[in-house]
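The values are calculated or read from the model by the stated rules, or taken from the named source; none is laboratory data. The shown structure was predicted, so the numbers you read here are calculated from the model rather than taken from an experiment. Note that each Cβ is placed from the backbone with ideal geometry, even for glycine, and that neighbours are counted across all protein chains shown.
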């Protein structure tokens, strides 16, 4: 889920139990989110897991260049909950509905948060190219050549 709301203690036993079972068989275990629209909720969730001594790698999903109106539709269909509020606030300015939303700011927020403490909260990023593969590859090329840009 994009905005994990479950108490980490309720998830602790299955996470730890599955991890021990999998690692005993030589398999790795990690947590992967759906796409998120805001960094704070998922980083807070990851921090709660770390405080509960659950140290599984966490990969966060981000939507890459997609029109805001399409992201809102995906969010409603996927039930991303409170995270959708962040997106809807951005939609108040109608011209933003037509421009692609890029994940640069979210990436910087996640990187900034994970670099402040000794243990990274997020181990990886998974991109959802909802706006199409061509737009994703163009964004990726720009990001690799010019670096990630803040809004």
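For every residue, the table says whether it meets (1) within 15 Å of the chain's Cα centre (by Cα); (2) within 19 Å of residue 120 (Cβ to Cβ).
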residue: 48; (1), (2): no, yes
residue: 51; (1), (2): no, yes
residue: 58; (1), (2): yes, yes
residue: 65; (1), (2): yes, no
residue: 68; (1), (2): no, no
residue: 72; (1), (2): no, no
residue: 76; (1), (2): no, no
For this session: Evaluate segment 110-119: report whether one residue or more is at pLDDT 85 or above and under 18 Å from residue 42 (Cβ atoms).
Result: yes
Exercise. Are any of the residues in segment 37-47 part of a loop (DSSP other than H, G, I, E, B), over 24 Å from residue 101 (Cβ atoms) and modelled with pLDDT of 75 or more?
Worked result: no
Exercise. Could you say whether any residue in segment 49-63 is in a helix (DSSP H, G or I), within 30 Å of residue 23 (Cα to Cα), at pLDDT 75 or above and out of contact with any helix residue (DSSP H, G or I) (no Cβ under 8 Å at 6 or more places or on another chain)?
Worked result: yes
